[in-house]
Amino acid sequence: MEYRFLGRTGLKVSVFSLGGWLTYGGQVNEDITSDCIRAAYELGINFFDTAEVYANGKSEVYMGEVIRRSGWKRSDLVISTKLFWGGSGPNDTGLSRKHIVEGLNASLKRLQMDYVDVVYAHRPDSDTPMEEIVRAFNHVINQGKAFYWGTSEWSVEQLSDAHGTAARLGLIGPAVEQPQYNMFWRDRVEKEYAPLYQKYGMRTTIWSPLASGVLSGKYNNGVPEDSRLSMQNNAIIRRMREGLNTDDGRLKLAKVAVLKEIATRLDCTCAQLALAWCAKNPNVASVITGASRPSQVAENVAALKVLPLLTPEVMREIEHILGNRPAP
Ligand code: NDP
């Protein structure tokens, strides 16, 4: 496994990490959750991501229980959770000091942990003053309930404001952003955030590196019954499934079919090619993978061996197929 610094911090995270969205506490049972997390740990993954909103808190419960029972040393693990959507009451959502403090306490209880390593603001909150948000995250850090804080899907303006506010108050700014990034979704990571890497040393822990599995090629001949996009009771997934039958969806699947030829030539799977391509970006500290079974964890971690095969020529070839490089 390769470990990278989480931005301008001393914390090292595995370049491939494992997250629990939709899967742990939702799509799969506790045994499979356990098998996936154990497989990940054994392959050198030290970084596990969840959120208060995943499966209404059950993702934290399942992942926390597996980790507690494992007997692993807490210091060998990097655990992150995310706060924003904590329930239906007026103060259960957003980034008020009240929700950050109460939300994190509730997450820690579900995880059965004294602290998380990284706590993220799961989305920006324009209704709460930036000073309140920055002070609240610093407060939970000072209490020892989190070591670092980050953001997820904040704009470059919001992140600059957070850093400016933290600097003015002599406080700690966000170390890391958690944006979507994959071969089909590039602008924010490759273009919008460019000033943040230079000025603040921020790095990213990126989500949906396989575009929910589409980049594995598994949807090129329809939607398999045991796959994420076959899930019926989720509006986001329904939109993704319907999206496959649009012109844009068909174009993406056609690109995946050509990418498969490169993967075959490199003796890897399409999923491994897509994951290695994400990890090739030096501003990505960790590629947060998802897995509904341990065999996927093993396949995905083995994308490490594909990284050195992504020569400038191969990257140019991929660029030509994707045809979506963000304009300078
Ligand atoms: P991916 O795009 O990699 O999708 C993962 C899913 O793809 C798996 O659950 C599995 O679904 C399928 N899959 C995984 N590996 C393979 C493989 N080798 N071959 C075929 N299919 C495969 O990532 P996610 O969308 O799950 O995002 C990863 C993590 O990022 C989340 O768990 C979460 O921690 C974080 N995240 C953060 C968000 C944010 O707003 N900050 C938003 C979304 C995610 P199946 O087998 O069921 O088809």
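For the range 22-60, the tally of residues that are more than 13 Å from A291 (Cα to Cα) and either surrounded by fewer than 19 Cβ atoms within 10 Å (Cβ to Cβ) or among the acidic types (D, E) (or both) stands at 9. Which condition breaks for L104 when tested against (1) surrounded by 24 or more Cβ atoms within 10 Å (Cβ to Cβ); (2) in contact with a Gly (Cβ under 9 Å, 6 or more places away or on another chain)? Exception for L104: condition (2). The one condition from (1) over 24 Å from V284 (Cβ atoms); (2) buried (at least 24 other Cβ atoms within 10 Å of the Cβ) that T81 does not meet is (1). Against the condition of a type in the set (D, E) and not in a strand (DSSP E or B), how does D125 come out, does it pass? Yes: the conditions hold for D125. Whether a residue is at negative phi, buried (at least 16 other Cβ atoms within 10 Å of the Cβ), of a type in the set (V, I, T) and touching a Gly at 6+ places or on another chain (Cβ under 7 Å) was assessed, and V119 does not pass this test.
Of the residues screened, P179 is one that is under 12 Å from N283 (Cβ atoms) and either within 16 Å of the ligand (Cβ to nearest atom) or among the aliphatic types (A, V, I, L, M) (or both). Please work out if L275 is touching a Ser or Thr at 6+ places or on another chain (Cβ under 8 Å), closer than 12 Å to N182 by Cβ and within 12 Å of the ligand (Cβ to nearest atom). Judged against the criteria, L275 is a match.
Considering only residues that are free of Cβ contacts under 8 Å to residues at least 40 places away in the same chain and in contact with an Asp or Glu (Cβ under 9 Å, 6 or more places away or on another chain), which ones fall in the range 181-237? Across the range 181-237, the qualifying residue is only R188. Evaluation of D114 against the conditions (1) under 25 Å from Y24 (Cα atoms); (2) within 14 Å of the ligand (Cβ to nearest atom); (3) not in a helix (DSSP H, G or I) shows that the sole unmet condition is (2).
Within the range 216-255, the residues that satisfy the criterion of being within 13 Å of the ligand (Cβ to nearest atom) and of a type in the set (V, I, T) are V223, I236, I237. Any residue that is aromatic (F, W, Y), outside any strand (DSSP E or B) and away from the ligand (no atom under 13 Å from the Cβ) - is there at least one of those in the range 37-44? Among the residues of the range 37-44, at least one is aromatic (F, W, Y), outside any strand (DSSP E or B) and away from the ligand (no atom under 13 Å from the Cβ), which makes the answer yes. Yes or no: N221 polar (S, T, N, Q), more than 23 Å from the chain's Cα centre (by Cα) and surrounded by fewer than 13 Cβ atoms within 10 Å (Cβ to Cβ)? Answer is yes for this residue.
For the subset of the range 201-215 comprising residues that are more than 11 Å from the ligand (Cβ to nearest atom) and surrounded by 20 or more Cβ atoms within 10 Å (Cβ to Cβ), which member is farthest from R293 (Cα to Cα)? Looking at residues that are more than 11 Å from the ligand (Cβ to nearest atom) and surrounded by 20 or more Cβ atoms within 10 Å (Cβ to Cβ), I get M202. Checked against the criterion of being surrounded by 12 or more Cβ atoms within 10 Å (Cβ to Cβ) and over 21 Å from V78 (Cβ atoms), the candidates S286, S292 yield just one match: S292. Just one of the listed residues (G103, G26, G57, G87) is more than 23 Å from M202 (Cα to Cα), without any contact (Cβ under 8 Å) to a residue 24 or more places away in the chain and small (G, A, S), and it is G87. Residues of the range 172-186 that are touching a helix residue (DSSP H, G or I) at 6+ places or on another chain (Cβ under 9 Å) and of a type in the set (V, I, T): I172 alone.
Note on the range 240-281: among residues that are outside any helix (DSSP H, G or I) and within 25 Å of the chain's Cα centre (by Cα), the one that is nearest to Q296 (Cα to Cα) is T269. Restricting the range 75-110 to residues that are among the hydroxyl-bearing types (S, T, Y) and part of a helix (DSSP H, G or I), the residue that is nearest to V53 (Cα to Cα) is S107. T311 meets the conditions (1) more than 30 Å from Q198 (Cα to Cα); (2) among the β-branched types (V, I, T); (3) surrounded by fewer than 20 Cβ atoms within 10 Å (Cβ to Cβ) in every case but one. The failed one is (1). Of the residues in the range 292-305, at least one is away from the ligand (no atom under 12 Å from the Cβ), assigned to a helix (DSSP H, G or I) and among the charged types (D, E, K, R).
Throughout, read-outs are computed from the coordinates displayed, never taken from laboratory work. Keep in mind it's a predicted model, so treat the numbers as computed, not measured. We place every Cβ from the backbone using ideal geometry, glycine too, and count neighbours over all the protein chains shown.
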